[in-house]
Amino acid sequence: MGVVTRAQSKRLRSQQSGSESDSEEPPPRGGEEEQGPDLINLLPDEILGSIISLLTNMEGARAQILSSRWRPLWRSAPLNLDASGLCGMKEAVVSRILAEHQGIVRRFRVWPFNLDADSATLDSWLRSPVLDNLQELGFSYPFVWPGPLMPHSALRFSSTLRVAKFSGCQFLDDAGHQLHLPNLQHLELGSVIISENSLHTLLAGCPALDKFVFGYIHEPPRRPQLPPSALHFPSTLRIAEFGGCRFPKTMDHQVHFPNLQQLVLESVSISEGSLHAMLSGCPALNNLRLGYSSGFRQFRINSLKLKHVEIYFADRLQELIVENAPCLERLDHCGAYEDNMHISIISAPKLEILGRLTDNFSILQLGTTVFKGLNDVRISTVMRTVKVLALRFYKLRPDVIFNFMKCFPCMEKLYIKTHGDTGYPTQSHKDRNECFEHHLKKLWINYSACKWSDIQFVKFIVLNSRVLESLVLNVEKHKKESSRYVKKERKRLQLSRRASRGAQIEFTSDDCFKEFPSPDPHLVWKLPHWGLLMTVSIISMTFSFSYLGDIEEFPDPCE
């Protein structure tokens, strides 16, 4: 039976009294009469339970006060229990939730050291009947080498698990027969101790595996060696991430990853030959991230499907060569030793995002245009596909920017970071420029009002960029917060005479490269101050409002 709202009840009584039986009822106006029927409460309990399981922690707790009908559903709705994300959640609270919940638990993740729980407590939790059909499981121990043994009960979900994340523990050597997970799609192993045979059995027992993450939390310079079995994952795998390890010096050139689309190598040591051998075995690869990895001096891109490449190198990279990349759209590189590098982009017909180029390169080749220095460059190649460009110059002359604008005449976003003085644009560059006239929409640049050259250069851009939408000037924080300074600089830069009347001017104290287009979120690893920690997904948790009584503080997870 459906729920009758106040407005419906009022109209029903009015009709029964006969006061309006012969007249047409006017449309309701204002107040409660504008409210339609309560369609949410007309849904079956099963659908409402599914809705509840998708809410965030605080939303779930607040929603129970909206309707009395929702309250009994909480104890039977599918539960997503993530104890790792609740700062005030104690061991007793987790035990009470598992004991009192009447429905199933689909996700369970816990950090025992946050809850002051030992392995025995975790083992008792995992044996709870409400976890019988568990689909996602994750737990992490403190980084102590070697870690404690994995509880036996953690492997009892092998037939139902779809996501498994284990960190800081030892796998049981006699658990090979339990390492068959037919439905597992996502597996993360962080700083675990597992034998070669067990790892081989585990990966062979995951025929549906889609994502595999394997890494170590380490203290440089020593990195554990990657077990060879970690590279023998099933052919279904699309995403692979490795971190904090040393790859074998000689890799099997017959290793083939036919369906791998995303590859992350974070803080790994890998030889140049092994790196290129691995990439050649990934014919479907379209996303690659090399984060602070070492062991190679040259990186050559020769891939038919690769779209996004990000390189953040720890050692000096001598050569970066793009030979043949017909699908490459993003090439982003930086590092502590990015100077004196030979960069060649020979064939990348779809390249849209390029960064970051410096003024201290050895050779910069863009097609047939070769920059051996910053003077007297004859532009012979025009790359009209490039829309975003990032530059890091110690001492910048506007002539160099104009040369790049000739190479990339359709550039829409330009990021410039400088450390020294700049020069004023010469008269020869004050002619018509296609980029200024039709394309440049956003510019981020370091700005110093103490340098007359900076003022003149920015003023030149303001007065000549006809389609500019956003100009962001990076200044010191105290200047950004000074309204007097902002007003003075806006007047000095003649912003009232800007060529693009719709341009928005902003003063910021953030690094201009912080605004550079963000990489694919699936390819980002977090690097805390104490070492490498693999990125883990935040799993939402919903549970009965009555469970919250034992928690002294319940912070909003969105804060």
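Read-outs: derived from the displayed coordinates by stated rules, not from any lab. Keep in mind it's a predicted model, so treat the numbers as computed, not measured. FYI the Cβ positions are ideal-geometry reconstructions off the backbone, even for glycines, and counts take in every protein chain you see.
Results, tabulated for the structure shown:
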item	result
Amide H within-cut-off set for THR369, under 5 Å, with H built and near neighbours excluded	SER380, THR381
Relative contact order (%) - criterion: Cα under 8 Å, at least six apart; region: region 210-360	15 percent
Summed side-chain charge close to PRO326 - residues other than PRO326 whose Cβ falls under 9 Å, Lys, Arg +1, Asp, Glu -1	+2
Per-pair calculated FRET efficiency, R0 = 35 Å: ARG127 and GLN170 via Cβ, rounded to 0.05	0.95
LEU304/GLU196 FRET efficiency (R0 35 Å; Cβ-Cβ; nearest 0.05)	0.55
Net length gained if the chain between ALA284 and CYS327 were fully extended (0.36 nm per residue, minus Cα distance)	14.3 nm
Charge tally in the Cβ shell below 13 Å around SER140, where Lys, Arg are +1 and Asp, Glu are -1, SER140 excluded	0
Cα-only Debye scattering, region 452-514: base-10 log of I(q)/I(0) at q = 0.15, 0.30 Å⁻¹	-0.45, -1.36
Residue-span extension gain [ALA204 to THR508] - 0.36 nm each, minus C-alpha spacing	104.2 nm
Amide hydrogen neighbours beyond the local backbone of ASN474, cut-off 5 Å, H modeled	ILE445, ASN446, TYR447, THR508
Contour excess over end-to-end distance, with Cα ends at ILE51 and THR381 and 0.36 nm allotted per residue	113.2 nm
FRET E, pair LYS441, ASN360, Förster distance 30 Å, beta-carbon r, rounded to 0.05	0.55
Radius of gyration and Dmax over the Cα atoms of region 200-343, both given in Å	14.8, 48
Approximate spin-label separation SER76-SER159, in nm, with each point projected 7 Å along Cα-to-Cβ	2.6 nm
Summed side-chain charge close to THR369 - residues other than THR369 whose Cβ falls under 12 Å, Lys, Arg +1, Asp, Glu -1	+3
Entries in LYS305/LYS417; LYS387/LYS488; LYS417/LYS477; LYS90/LYS211; LYS442/LYS488 that, when Cα-Cα distance is taken, lie over 25 Å	LYS305/LYS417; LYS387/LYS488; LYS90/LYS211
Listed residue pairs exceeding 31 Å between alpha carbons, taken from LYS413/LYS487; LYS372/LYS479; LYS413/LYS480	LYS372/LYS479
Pairwise label distance in nanometres, LEU43 with GLN456, each label 7 Å out on the Cα-Cβ vector	6.5 nm
Region 285-408, Rg to Rh (Cα coordinates; Rh as Kirkwood inverse mean 1/r)	0.94
